[in-house]
Amino acid sequence: MNARFDRTREKTKRARRLRGEMTRAEKIIWSKINRGQCENLKFRRQYLIGPYVLDFYCPSIGLCIEIDGEQHAVEAQQEQDAQRTAFLEARIIDVLRFWNSEIFEDLDSIVSAIRDRALTLAARAEENRETL
């Protein structure tokens, strides 16, 4: 099903609430990628796709960035995260995951990894447009 048509008022309400309740780590990453700061790409935060709310998403290149807190270390949550990643990858969405602690300890490397992946995906998207 197309994600655009899978939205409900409840899902939209939840995404809006999450936008207002971003974690410290999410706020730090958002400050580095919003307003075209990352290779002039437009990222959206708390974006709905299917049953999931993605932390950050760039639709033009199909890049999802997930920021994981301690709750993601629990086995049951890891299984859910794997299902989420499989769902997104089946829709040609590339998923980058980072731990909160990584952002606090080595922000420059995280931002560099995001930029590198964004450049790779942007180049791939451009190649695909040229071959059409």
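The values are calculated or read from the model by the stated rules, or taken from the named source; none is laboratory data. Worth saying up front: this structure is predicted, and the values here are computed from it rather than measured. With ideal geometry, Cβ positions are generated from the backbone for all residues, glycine too; neighbour counts draw on all protein chains shown. Accessible surface areas use protein heavy atoms only, side chains included; no ligands, DNA or RNA. Shrake-Rupley method; radii C 1.70, N 1.55, O 1.52, S 1.80 Å.
Residue ranking by accessible heavy-atom surface, 1.4 Å probe, largest first, among Arg124, Arg9, Arg115, Arg84 comes out as Arg9, Arg124, Arg115, Arg84. Net charge near Ser31, counting Lys/Arg +1 and Asp/Glu -1 over other residues with Cβ under 12 Å of its Cβ? Value of the local net charge: +4.
A Förster radius of 35 Å, combined with the Cβ-Cβ distance separating Asn40 from Ser101, puts the computed FRET efficiency at roughly 0.75. When Trp30, Trp99 are compared by accessible surface with a 1.4 Å probe, the order from highest to lowest is Trp99, Trp30.
Ranking of Lys27, Lys32 by solvent-accessible surface, largest first: Lys27, Lys32 (1.4 Å probe, protein heavy atoms only, all chains present).
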